[in-house]
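S.K.: Please read through the structure below; I'll follow up with questions.
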Amino acid sequence: MTSLPVNWLEKEKDRRRLNVGASAFSDKVYEALTAACALVVPGLVIAIAVAVFAAAWPAFAKLGLSIVTTSDWDVAGGHFGAAPAIFGTLVSSTVALIIATPLAIGVAIFLSEFSPSWLRQPVGFLVDLLAAIPSVVYGLWGIFVLIPLLREHVMPFLRDTLHLGATPFFRGPAYGPSMLAAGVILAIMALPYISSVSREVLMAVPRSQREAALALGATRWEMIRDAVIPYARSGIIGGIMLGLGRALGETMAVTMVIGNRPEISASLLAPGYTMASLIANEFSEATNDLHLSALMAVGAILFIITLIVNAVARWLVWSVSRRRAQ
Amino acid sequence: MRTARNRHLVSGAMIGLTYLAAAMATLPLLFILFHLIVKGASSISLDFFTHMPRPVGESGGGMANAIVGTLILIGVASVIGLPIGIGAGLHLAEKKTTPLAYTVRFLADVLNGLPSIVMGIFAWEVLVRPIGHFSALAGGVALGAMMIPLVTRTTEEMLLVVPTSLREAALALGYPKWRTSISVVLRTAMAGIVTGALVAVARIAGETAPLLFTALGNQFWSTSIREPIAALPLQIFTYATNAYEELHRLAWAGALVLISIVLVISLAARFATRSRFGAPVD
């Protein structure tokens, strides 16, 4: 073993000192860099808001609230009333939630409470995979599989066999492309979001909650209903709102199956329009600046609505996970 | 009568209903995959990957340009989305409780839920309108912007799994903080971060709506990021809504290829995590 040089200690002290100074500086650079990356996220939200509203401004300035309140969309005449599209967005999303919510919560309860352990992974995986399917593939499947199925079997069944044609909601001829088709496609697309959030919050419910209910003599269902679901309620509502956010802004699949007709009709069998499909459909054909700007104004309204829905949804989900952390 | 017998019957029925819900929820996926394979597989040949689209009316032809276009768009989006997302994730994992961290976390989640069409409008207003023409770059930026919040949140989650003792050990050995973060913490969580990146790529690979405003699509062969570029999802949309039967066939084939890409990436993401942590994280 070689002995250390006499001045080793001094040299090493110098090296350390230099190194410490250098790393303090490089640490600052590193922290500034990662902070800059983090700042991109709020920056992006602001940039999106500014860009969308800048594009929409000419239409808002010229048309004002008539974009929201009138239903006459006439490009040549310069009338841009998007009420049918707003109506269609709300109705198709509502139909989607009515179909998807019970299913999604059922799946979540199944997976968190009752599933045999060998089924839990595959079923959870298959449901989650629904979220990975591109929306254009849903649209393609919707056009060539779902719509014929609805037109030939489901719509006549609902209208005639169940006599729902007596209500305004299922009246009239069974077009294929329709509000109902859009609602069903959106239900399939929103389902994985609702079920995965619901499953997470259900699993976050403490064991003691369940054991207490069972010890008091509750059946397994009563345990779910009275002890588990109330505890997880706001998280589940948050999950439903996340699904709603998805459904409100979904573009391609809806554009392909809803029929794209700017009319307000009570019947789900009739074609309709949504804000997103209106923009997607007419953007490439927009000839004059006002038309383009009116489409962007519809985009701005969609942006605001989905921003609010998502913010509330996240807040609800967080309030449950925070409680779990305590 | 709320007799014990009735209550147990109700309980059994409700539990049965949750089984039914699970069965019904898995059906759509199986249906969609079934139809994709039945209708798409017959139209897939070597030509589909190597040939350009033929003019309407002629049979045959492929989607070579759209497949390459989609890969280029994914590349541009990843170059933008991954470094920023991972950097932001590092920041969130290291500065857990600052007001900035809370804000970023919340806004990233909100951004994740924004409709992709809004991202398209944003990229169009910023990169297409001022320049005067559509481009692959604008498409990549729109998709990259969609990746940022997703990668941010998954990176943060994966970094939080790394034991503090590891970080402390590195610091005790005299590593500067940044070396500790990059060479120790980030490397330990690498498998999870790769998973997050793959999930983000899988999500944007099939996006169509933002591309309508940015990449636009292109009938011809183009690999320039300054020109409009073809993309698989755009092509599927155009063909599916066209009246020609021949194009419907190509749309199904394209959808099968697209879903294969997405599923392979999703499965890879799942296994990348499983090998490291024992259980999938998503």
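S.K.: Looking only at region B:78-101, which residues have a backbone nitrogen under 17 Å from a spot 7 Å from the Cα of B:S183 in the C-beta direction?
M.R.: none
S.K.: Take the Cα pairs of the protein assembly as shown, get the Kirkwood Rh, then feed it into Stokes-Einstein at 20 °C and 1.002 mPa s and tell me D in µm²/s.
M.R.: Approximately 82 µm²/s, per Stokes-Einstein.
S.K.: Taking 8 Å as the Cα distance limit and 6 or more residues as the minimum spacing, I'd like the relative contact order of chain A as a percentage.
M.R.: Normalised by residue count, the contact order of chain A is 26 percent.
S.K.: Hey, with R₀ at 22 Å, roughly what FRET efficiency would A:I308 and A:A54 work out to, going by the Cβ-Cβ distance, to 0.05?
M.R.: 0.60
S.K.: From the backbone phi of region B:73-79, what are the Karplus-calculated ³J(HN,Hα) couplings (6.51 cos²θ - 1.76 cosθ + 1.60, θ = phi - 60°) in whole Hz, Gly and Pro given as x?
M.R.: Ordered by residue, 3J(HN,Hα) equals 4, 4, x, 4, 4, 5, 4 Hz.
S.K.: Between A:F25 and B:H133, take the C-beta separation as r, use R0 = 45 Å, and let me know the FRET efficiency to the nearest 0.05.
M.R.: 0.55
S.K.: Explain nothing, just the number: relative contact order of chain B, from Cα pairs under 8 Å at least 6 residues apart, as a whole percent.
M.R.: 25
S.K.: Right, something else. Need one number: nm distance between label points at B:L30 and A:I98, each 7 Å from Cα along Cα→Cβ, rounded to one decimal.
M.R.: Going from the B:L30 label point to the A:I98 one covers 2.8 nm.
S.K.: Kindly put A:D74, A:D128 in sequence by how many other C-beta atoms sit within 10 Å of each C-beta, fewest to most.
M.R.: Least crowded to most crowded, the residues run A:D74, A:D128.
S.K.: Follow-up question, since we're still on this one. Looking only at trypsin sites (Lys or Arg not before Pro) in DSSP loops with at most 13 other Cβ atoms within 10 Å, what is the longest site-free stretch of chain B?
M.R.: Within chain B, the longest run free of exposed trypsin sites (Lys or Arg not before Pro) spans B:97-225.
S.K.: What does the charge add up to near A:A83, with Lys and Arg as +1, Asp and Glu as -1, over the other residues with Cβ less than 11 Å from its Cβ?
M.R.: Its environment carries a net charge of -2.
S.K.: Counting Lys and Arg as +1 and Asp and Glu as -1, what is the net charge of the other residues whose Cβ lies under 13 Å from the Cβ of A:P262?
M.R.: -3
S.K.: Could you put B:V76, A:V136 in order, starting from the residue whose Cβ has the fewest other Cβ atoms within 10 Å?
M.R.: Ascending Cβ contact count within 10 Å gives the list B:V76, A:V136.
S.K.: Sticking with this structure for a sec: Hand me the chymotrypsin sites (Phe, Trp or Tyr not before Pro) from region B:189-263 located in a DSSP loop with no more than 13 other Cβ atoms within 10 Å, in residue order please.
M.R.: B:F220, B:W221, B:Y244
S.K.: Ranking A:V107, A:V298, B:V262, A:V154 by Cβ neighbours within 10 Å, fewest first, what do you get?
M.R.: Ordered from fewest to most neighbouring Cβ atoms within 10 Å, A:V107, A:V298, B:V262, A:V154 come out as A:V154, B:V262, A:V298, A:V107.
S.K.: Taking chain A as the region of interest, what is the percent of Cα-Cα pairs per 20 angstrom bin, listed from the shortest bin to the one with the maximum distance?
M.R.: Values per bin, smallest distances first: 25, 44, 21, 8, 2, 0.
S.K.: Continuing with this model, one more query. Give me the one-decimal nm value for the distance between modelled label points at B:T98 and B:T164, 7 Å along each residue's Cα-to-Cβ direction.
M.R.: Result: 1.9 nm between the two label points.
S.K.: Pop the C-beta distance of B:H8 and B:L263 into the FRET formula with R0 = 41 Å and round what comes out to the nearest 0.05.
M.R.: Efficiency at R0 = 41 Å is approximately 0.45.
S.K.: Using a 10 Å cut-off around each Cβ of peptide A:138-149, what is the average number of partner chain Cβ atoms that fall inside?
M.R.: 5
S.K.: Sort B:23-33, A:299-309 by packing, meaning the average of other beta carbons within 10 Å per residue, with the highest value first.
M.R.: Descending mean neighbour count gives A:299-309, B:23-33.
S.K.: For A:H79, enumerate residues with amide H under 5 Å from its amide H, sequence gap 5+ or separate chain, H modeled in the peptide plane.
M.R.: Here the answer is A:D74, since their amide H atoms fall under 5 Å of that of A:H79.
S.K.: What is the dipole size for the protein assembly as shown, taken about its Cα centre, with +1 at each Lys and Arg Cβ and -1 at each Asp and Glu Cβ, in debye to the nearest 20?
M.R.: It comes to approximately 2120 debye.
S.K.: If you don't mind, another one. Label A:S208 and A:A76 with points 7 Å out from Cα along Cα→Cβ: what is the distance between them in nm?
M.R.: Between A:S208 and A:A76, the simple spin-label model gives 7.3 nm.
Computed from the coordinates by the stated procedures, all read-outs in this text should not be read as laboratory data. Because the structure is a prediction, the values reported are computed rather than measured. Neighbour counts are summed over all protein chains in view; Cβ atoms, including those assigned to glycine, are modelled from backbone coordinates with ideal geometry.
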